[in-house]
Structures are given as C-alpha cells and as structure tokens.
Amino acid sequence: MPDYKAPLRDMRFAMYEVLDFENHYQALPGAADTSRELLDAVLEEAAKFAEQVVSPIDATGDREGCQWNEGAVTAPAAFRAAFDQFVESGWPALAQDPAWGGQGLPASQGAAFYEMLASASHAWSMYPSLTWGAIKTITAHAPEDLQQRYLPKLVSGRWSGTMCLTEAHCGSDLGLLRTRASDNGDGSYNISGSKIFISSGDHDMVDNIVHVVLARLPDAPEGVKGISLFLVPKLWVDEDGNCGEPNGVSCGSIEHKMGIHGNSTCVMNFDAARGYLISAPHKGMSAMFTFINESRLGVAQQAHGHIEASFQGALAYARERLQMRAPVRVLPDQPADPIIVHPDVRRMLLTQKAFAEGGRLLNYYCAKLVDIAHGSDDAESVQRAETELALLTPIAKGFITEAAMEATTLGVQVLGGHGYISEWGMEQRYRDARITAIYEGTNGIQALDLLGRKIVASGGAIMQPFFAHIDTFCRDDHGAAVAPLVTRLEAALALWRTLTSEVQAGAMQDPDTIGAASFDYLMLAGYTTLAYFLARGAAVASAALASGSSETDYYASRLAIANFYFQRILPRTTGLAESMRSGAANVMEVPAELLG
C-alpha cells in the first residue's frame, strides 16, 4: 500500500496564492483572526494525523470490513482506535460553531482537512463527514431546544449523524418514499419504515447515532411536496442531552459492496421510533438539501482524494520501476530505464496530476463560496455565492468523480500487473472511488440538475456570476507564457455558451434534448471549469517566475501541467460538442424492446 503524504505545498499554492484565502478571511465576519500562521499550524498537525493515524489503517479496514451480528454493527478495530484519537484530539470540532463547542475556523479550513482525511482513507473519513452534514442540517432547521440537546455531542464527535433518504423501491426518486410519521401529541412523532444504503448507519465508535430522516405525515400530498424531515436518535435523548433507552431504530443488515468496505452501509429499520419534526410540515426536501448539497461537495472531495492518492502511488512506482529502454537512455549502466521516462507513462501521470491540481482548486473555490454563503453579512455577496454554488456543486460532484474513475484506472495501469494486485493498494483506490459517481445522486442526476433544473430553468442566468469571473480573467494581461492558455480558455467558454443556447432551443422542439445532452454537457462544463482554474494557477506561477522566485522548479511545473491539460485534455470538449449536436434521436429512436 503506498504511503500517503499530504501535499501541503500544493494545498498552500491553491489556498494562498491562487484563491487568496488570507484576504478572504480578513473580509469574512468572525474570521479576521484566522491568520496564516494559525492555518499553517493546523495544516501541519492535520497532515500528521492523516498520514500517521488514518492512512495506515485504510488497507486493513478494507480487508477486515464491517461486521453485522444480530442487529449490531462493528467497525474495523483499527478504525475505532483512530476515531477515538480523532475525538480526543478535538478534530471533529475544527470548523464548528463555538456556541456548541466548536473551534470556529471557517468551513473552507474544514474542507482542506477533509481533503487529507479522504485521501488517507475514504471509508474512515465518511464517519465524521456524515456527522458534519447532520450538524449543518440541524443548525439550519431544528428549533433551539433540539439544537441545545443534540449539537454539543455531535460537534464533539461523541455522537455521529446520518442522512436517511433512500428506500428499496424508489432509489433517487424520493417522491415515492413510504416511511410514515404519526403525531404522538407531545411534540414527538413515531417514525416507521425502512431505509437502504445508509452510510455510517450503525457502528460501535460513538455513544449515539442521530438519524436525519425523510418521512410522510398522514395528511401529506403525493410526491416530493409531501415529504417532511425528522430527527430520530438511535438511543432516546432526554431534555438534558443524556442517552436513555433504545428508540426503535435497528440495522437490518449491512451491504456487501465493491468498495469502502470499512464503512458500514446499512439497511435501517424504524419501528415506531420516536423523533422530532425539524422542517415545516411537507417541506422536508428543501430542508434536506442543506444536507444533500453539503454531501455532494464532500463527495467531490472524496473523489479528489482518490485522484491525489492514486497519483502519489503511481508516481512513486514509476520512479522506481525499471522496465524497457527509453529512446534516450537514462540509466546506461542498467538493463532498463525507469518507466517514468516513457511517454505513455508520463501521459498517464500528467493526466492524474492535472485532475488533482484542477480538482483541488475547484473544491477549494466551492469551500470559499460556502464560507461566504453561510458567513457573510453582505446580502449581495451571499446571493452571488449561492448562485455560483448552485452552478458549481453538480459540476464538482459530477465531473471530479468521473475524473477520479479515470485517474484511479490510470493508477492501476501505471503499475501494470502489480496494479491489479491488492497488496499495492491501487485497485482499492479504484474500487473505493467508484461509489463517488453513484451516491448523493448519480452523475446522470447531477447532469440533469445542472442542465435542466439550473441552466435551462433559469434561462442561463445562473451561469452569469461565474462566467463573469472567467471573462475578467481572460481580459487581464497575464504575460506571454499564459496568453495561449487564455486564447484556448476563451474558445472553450464560447463553446459552452453556444451549446447552452443550442440545447435551450432544441428543448423547445424535442423534450428528450436535455436528457440526451446532459451528461456530455456536464463533462464539457467540467473540463472548461478546470481549465479556468488551472489557467489561474498558471498565471500565478508565471508571475512568480517573472519576479525571480527561488522556487523555479515548482512554478515551472505548474505551467507545464496547465499546458499539458490545455493541449491534451481540454480538446475533449470538441468531441463532446459533436456528440451533443447529434441530437436525441440516436439515443431514443431504437425502441426499448429491440435493445435485446
């Protein structure tokens, strides 16, 4: 299993040099004291925890997996020990509200920490990340008394949280869900039903598990307009916040999965389990989207974590593995050269690296927008951040997870036969990354959300704030080294705009246009978005070199990676455009019964 090393230099380049987190924090209410000295100290300690505590248990957790015995779930033993250390060190509270025991750092710092955790062990990192989503949902929607009762233990990590949406018969079509809620007349409700695919649904690492559950009240209208949101603890919690008797919540089984074996994916049964309504009646879906959108950004980070870790493993192997002769010999006194000098191996490594660098910038930019949307006191800034997040969330979730599947496949390929063998850890990266394109809404759903519900529904207006940033960047003079990138970026953005207009027009004639074009559209949007962020990084690097920076090799590599992406990967957009322009007929003209 390759050793994970937190790429602190790359993280700092993204945070401080490209995205200007320091000035961002100075302008963010309550974050002015978040100095670079403090942040660097946090990053250094977080890196140690990820590298020394979490990363070493990833492979053992995969082999051991979670165990179910008569309704009780146990996590891998090493996972429990690491989680205890995580809690004792105060890491769960890093980016949480001090009112509930948090340390008060901005959400974007939590995102940087989560990159390291997800890179070190996707399966382990899911236990705290689901809790953080539950905290945000309870904070945003639950009444004050429930916040006081539940948030301190959740923030501390002594309790964990889950998101309970899916049922066996409905999958992502939540309008069909059947879980029922009945009023007990004392402010509580009885929840009855069964949920599937519940990540971290049951385990033995915390004292209590708090489930955020979608269910229907007796008078609920049909469809998604009849769903309400409830808080349901595994163990009942009294008014003083103490755990009491079991609460009619049980794990019926755990799923046997392709990957993330160390995380418990559960069938959760609610048998007249008591809970509290935390949304307005029948308004649960809008409330749950607090959790869903948080989770979608988290999934983008999980996917990026796999890209980074797979790249590190492939790079280390490629530097050491001697095989075949390069056209120009590197080691003339050896029978073979290191495979890193072979062009096709270099192509694979650079593809991974470009996705890692671009994906990090996109994820951190989204985290910066979350800071503004949740923390700014300027209404215009909040509105702009929310609009950009609405556009970029499906792109980050959908595109980066697709890139992760490609990158982890390349990681296996670089190692050849050794990549297919479990002891090297590369095949686990692919298996674990595969779920990211599926959960929190499959990428087909992300694509429909982006194109149909966001862009077409808004007449393209939702694109304008983010596009304005790209237009401004392209108008500025970044020097001769970056000028060719700007030219290509302008062309890619123009293509994105043109295709948007074409799809909008086509949808007026054929209702299948959006569905047939949406996935290609998502990918084109993702390639162009990453191009923008990589170009920004290249501009920073070019300026640093021009000013005489001593880090010549580092900044030159940023330019080289950007050039590789623009010349080798961004041209994929032209093929996607041709595919979209072929229309919906070639997708829909063959009757379903004739497919075979």
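What follows is calculated from the coordinates using simple rules that are stated; it is not laboratory data. Only a predicted model underlies this, so the values are computations on that prediction, with no experimental measurement involved. Virtual Cβ from ideal backbone geometry, glycine too; neighbours counted across all protein chains shown.
Dipole of region 455-587 computed with +1 at Lys/Arg Cβ and -1 at Asp/Glu Cβ about the Cα centre; of Val503, Gln464, Leu489, farthest Cα towards the positive end is Leu489. Taken over the C-alpha atoms, region 161-257 has Rg and Dmax values of 13.9, 41 angstrom. Amide H contacts for Asn247 (H built 1.01 Å from N in the peptide plane; partners 5 or more residues away or on another chain; cut-off under 5 Å): Trp236.
With K and R counted +1 and D and E -1, the other residues having a Cβ less than 11 Å from that of Arg429 yield a net charge of -3. When every Cα-Cα distance of the chain is counted in 10 angstrom steps from zero, the calculated P(r) takes the values 3, 16, 27, 27, 18, 7, 2, 0, 0 percent.
Computed on region 418-491, with alpha-carbon pairs under 8 angstrom and 6+ residues apart, the relative contact order is 12 percent.
Helices in the chain, meaning DSSP H runs of at least 4 residues, each add -39500 (n - 2.57). Divided by all residues, the mean residue ellipticity at 222 nm is -17500 deg cm²/dmol. A cut-off of 5 Å between modelled amide H atoms, ignoring neighbours fewer than 5 places along the same chain, links Ala272 with Ile191, Ser192, Gly193. Below 8 Å between Cα atoms, with a sequence gap of 6+, how large is the relative contact order for region 455-587 in percent? The value is 31 percent. Across region 174-190, coupling constants 3J(HN,Hα) worked out from phi with the 6.51/-1.76/1.60 Karplus curve, θ = phi - 60°, read 5, x, 8, 5, 10, 4, 10, 10, 10, 6, 8, x, 10, x, 10, 10, 8 Hz, and Gly and Pro carry x.
Pairs from the list Lys368/Lys397; Lys195/Lys257; Lys5/Lys136; Lys195/Lys225 with a Cα-Cα gap above 22 Å: Lys5/Lys136.
For the chain, relative contact order (Cα pairs under 8 Å, six or more residues apart, normalised by length) works out to 13 percent. Among complete DSSP H helices in the chain, those whose alpha-carbon atoms stretch at least 15 Å along the helix's long axis and whose mean Kyte-Doolittle hydropathy reaches -1.0 are 36-49, 77-88, 107-120, 122-141, 144-156, 284-320, 343-375, 379-415, 464-475, 483-509, 513-546, 552-564.
Computed over the alpha-carbon pairs of region 455-587, the distance histogram in 5 Å steps reads 2, 10, 19, 19, 16, 12, 9, 6, 4, 2, 1, 0 percent, short to long.
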